[in-house]
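Visitor: Here it is, the structure in full.
The values are calculated or read from the model by the stated rules, or taken from the named source; none is laboratory data. The structure displayed is predicted, hence computed values, not measured ones. When we count neighbours, we look across all protein chains shown, and the Cβ atoms used for this are built from the backbone with ideal geometry, even at glycine.
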Amino acid sequence: MKRAHFGTLISALFVVAVPAVAKDKIQTDWRRVATAHDRMRLRNTRQAWLEALAKARAAGQGKAIAAQGVLFDPDRALADAKPPASDYRCRVFKLGGQRPGNRDFTAYPAFRCRIDPEGGLLSFYKIGGSQRPVGLIFDDGGARQIFLGTLSLGDEDMPMDYGRDANRDMAGIVERIGPRRWRLVLPYPHFESWLDVVELVPIG
């Protein structure tokens, strides 16, 4: 999918979720967009942190957690949380297995993702791969931003509308944790883990 198409597609994700908003205008208040389930997930982010870290450490992953420094510190949130538009090097970590057989700590190889201006907000999307998060980053004060989006799979050409399938909906908190380092924290994802953490480092 060409990058030029993403603006239109990401804007369209939220028309179904907020029918009263004109199609040429994006709703900028995340509370009016988020589903009740996603608002609950966001409210319980700290609990998800504590549960996930406890399970990972109990599984003998204390050194792996410590090796990432402030990335896994739930109290690390610096001012100016809004990330700049840029290409990013992104890494996904899954903490705390949901079910027997799920690993309690998984680190995936880095991939390329992108943040772009989008109707007064920011769009975030992964470039390539079989699982591609795509959505909007909403302003929520200086210390955090809110991400709402969906998960595109396989060879799908268009993202699913947010709010249509709870299993595809994604909700998370964006925080700045260093001079050029952000994270996207996704509490209680629908598969595998208690908490997903995406590290975002601008390229260039």
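Visitor: Return a yes/no flag: does region 130-144 have any residue that is of a type in the set (S, T, N, Q) and exposed (fewer than 14 other Cβ atoms within 10 Å of the Cβ).
Guide: Yes, region 130-144 contains a residue that is of a type in the set (S, T, N, Q) and exposed (fewer than 14 other Cβ atoms within 10 Å of the Cβ).
Visitor: Just give me the residues in region 54-71 being of a type in the set (A, V, I, L, M, F, W, C) and touching a residue at least 60 places away in the same chain (Cβ under 8 Å), in sequence order.
Guide: Listed by number, the residues that qualify are Val70, Leu71.
Visitor: Do any residues in region 182-204 that are under 18 Å from Lys82 (Cβ atoms) and modelled with pLDDT of 95 or more have Cβ atoms under 6 Å from those of residues that are surrounded by fewer than 16 Cβ atoms within 10 Å (Cβ to Cβ) and among the polar types (S, T, N, Q), where the two are at least six apart or on different chains, and which pairs are they?
Guide: Correct list of pairs: Pro202/Ser86.
Visitor: What is the residue count in region 85-105 for residues that are surrounded by fewer than 19 Cβ atoms within 10 Å (Cβ to Cβ) and touching a Gly at 6+ places or on another chain (Cβ under 9 Å)?
Guide: Within region 85-105, residues that are surrounded by fewer than 19 Cβ atoms within 10 Å (Cβ to Cβ) and touching a Gly at 6+ places or on another chain (Cβ under 9 Å) number 4.
Visitor: Of everything in region 52-84, what is exposed (fewer than 13 other Cβ atoms within 10 Å of the Cβ) and touching an Asp or Glu at 6+ places or on another chain (Cβ under 9 Å)? Give them in sequence order.
Guide: Ala58, Gly60
Visitor: Residues to consider are Asp116, Asp165, Asp155; find the one that is more than 19 Å from Leu53 (Cα to Cα), surrounded by fewer than 22 Cβ atoms within 10 Å (Cβ to Cβ) and free of Cβ contacts under 8 Å to residues at least 12 places away in the same chain.
Guide: Exactly one residue qualifies, and that residue is Asp155.
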